[in-house]
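All remarks here apply to the structure that follows.
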Amino acid sequence: MILVTGGRGFIGAHTVRALLDLGERCVLGQRAAGPPPPLVSEREVRDGRAVVEPMDCTDLGTVLAAGRRHRVTGIVHLAAAGMGASAPLDELSANTAGLFTVLRAAREWGVGRVVVASTIGVYAGVAGPSLREDGPLPIASPHPIPAGKKIAEVVADVAASSGLDVVTARIGAIWGPLGRPSSPFFAAPRLVHAAARHAAAGGASVSPAAPGEGGTPGEAAPSYAGDAIDMCYARDCGRALALLQTTATLRHRTYNVGGGRAVANQEVAAAIGRAVPEAGPVLLPGRSPGAPAVDACLDISRLREDTGYAPEYDLDRAVTDYVGWLRAGNRR
């Protein structure tokens, strides 16, 4: 069975779904008690293909206990302290301790491979439109999340050098079913959520926002048409991580997981307008004051060449799928 830590979470649930679709069985490790995510069917739970296990990744005992109940053959490590839930040093400490615990368990169980989640944020400060895994990274980080992921990458590399098969996945901006309605890093989730709500209420599109106001109902900040970021739909992200776990031979230790291009807010708004014509968002013109001079994207050549991955959801298909998910009554 493949252990997915944080398996009831956003990216974790999509990774579990993709692994199940590949014929794998999964242990969903999660600190908070609760049912399997809605992407997992009741039949898969009854058949033992997907099993939720209580697990605190900072506690080696709870992790090893899961290994006594199930034969774990691989790990996708996605669990992390909630963003902003604690002081930055406490968050870094918990996440680093969790990684060490998972790597110790992997060594004891003799697992085939551990996939460790990193982030596109580790590239902050790197110049150039295409972000490649073989380029040097700056030591400084503008936010605790990329700082912690850089620590994780160093630890993962040491573990790989000592004999474990450890692969790091630098994950881009992920959006889609089960994700947060609003992200501090990009506009797409809140634009789609606002459009789905507005359509459900029978409303129409709204005028551009003034600075500090939202461009669609419920938005907390303005969205500028020209702002862009590498976006990857959640279903594609889960499949990429599943392929990194299950592909027999990988030639590298680090892989970018993203869409492979920078997508502008105006493209997202146009796709929403095609999916929900009565609720297309209206954006502020131009780019935000803090926008970078060059919109960088993740180079996903390694991922494509080694696993055969290619995104299945273009922007129109992703927006249509996401709006349909929300209009079906799903809150996230």
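All of the numbers you see were taken from the coordinates with simple rules; none came from a lab. Keep in mind that this is a model prediction, so the values were computed, not measured. Using ideal geometry, Cβ is built from the backbone for each residue, glycine included, and neighbour counts are taken over all protein chains shown.
Taken along its principal axes, the alpha carbon cloud of region 67-126 reaches lengths of 39, 27, 14 Å, longest axis first.
A Förster radius of 45 Å, combined with the Cβ-Cβ distance separating Ala85 from Arg43, puts the computed FRET efficiency at roughly 0.85. Fully extending the segment from Ala127 to Ala310 would add 63.3 nm, taking 0.36 nm per residue of separation and subtracting the current Cα-Cα distance.
Residue ranges 225-236, 299-310 sort as 225-236, 299-310 when ordered by packing (mean number of other C-beta atoms within 10 Å per residue, highest first).
May I ask you to give the average projected area over all directions of the convex hull of the Cα atoms of the chain, in nm² rounded to one decimal? Spelled out: convex hull of the Cα atoms, projected over all directions, averaged, 16.3 nm².
If you wrap the tightest convex hull around every Cα atom of region 283-326 and split its volume per residue, you get 135 Å³.
Pairs of Cα atoms in region 134-184 fall into 10 Å distance bins, from 0 up to the last occupied one, in shares of 19, 41, 30, 10, 0 percent. Placing a label point 7 Å from the Cα of Ser301 along the Cα-to-Cβ direction, the residues of region 101-134 whose backbone N falls under 14 Å of that point are 129-134. If both residues of a DSSP beta bridge must be in the chain, then about 10% of such bridges are antiparallel.
Between the amide H of Gly112 and those of Gly74, distances stay under 5 Å, these residues lying 5 or more places away or on another chain, with hydrogens modeled in the peptide plane. In the chain, the calculated helix contribution to ellipticity at 222 nm averages -11500 deg cm²/dmol per residue, counting -39,500 (n - 2.57) for every DSSP H run with n ≥ 4. Only alpha carbons enter this Debye calculation for region 108-201, each as an equal point scatterer, and the log10 of I(q)/I(0) it gives at q = 0.11, 0.12, 0.15, 0.16 Å⁻¹ is -0.46, -0.54, -0.74, -0.80. Our estimate of slack between Asp21 and Thr62, defined as 0.36 nm per intervening residue step minus the Cα-Cα distance, is 12.0 nm. Under the criterion of Cα pairs below 8 Å and six or more residues apart, the relative contact order for region 6-163 equals 18 percent.
Positive-end ranking of Ala79, Val4, Gly48 along the dipole of region 1-100, with charges on Cβ about the Cα centre, is headed by Gly48.
In summary, the helical segments of the chain meeting the span-like criteria, namely a full DSSP H run, a Cα extent along the axis of 27 angstrom or more and a mean Kyte-Doolittle hydropathy of at least -1.0, are 88-109. With viscosity set to 1.567 mPa s at 4 °C, what whole-number translational diffusion coefficient in µm²/s follows for region 1-44 from Stokes-Einstein and a Kirkwood radius over Cα pairs? This corresponds to a translational diffusion coefficient of 127 µm²/s.
Here region 19-135 is treated as a Stokes sphere of Kirkwood radius computed over C-alpha pairs; at 20 °C and 1.002 mPa s its diffusion coefficient rounds to 133 µm²/s. Under the criterion of Cα pairs below 8 Å and six or more residues apart, the relative contact order for the chain equals 17 percent.
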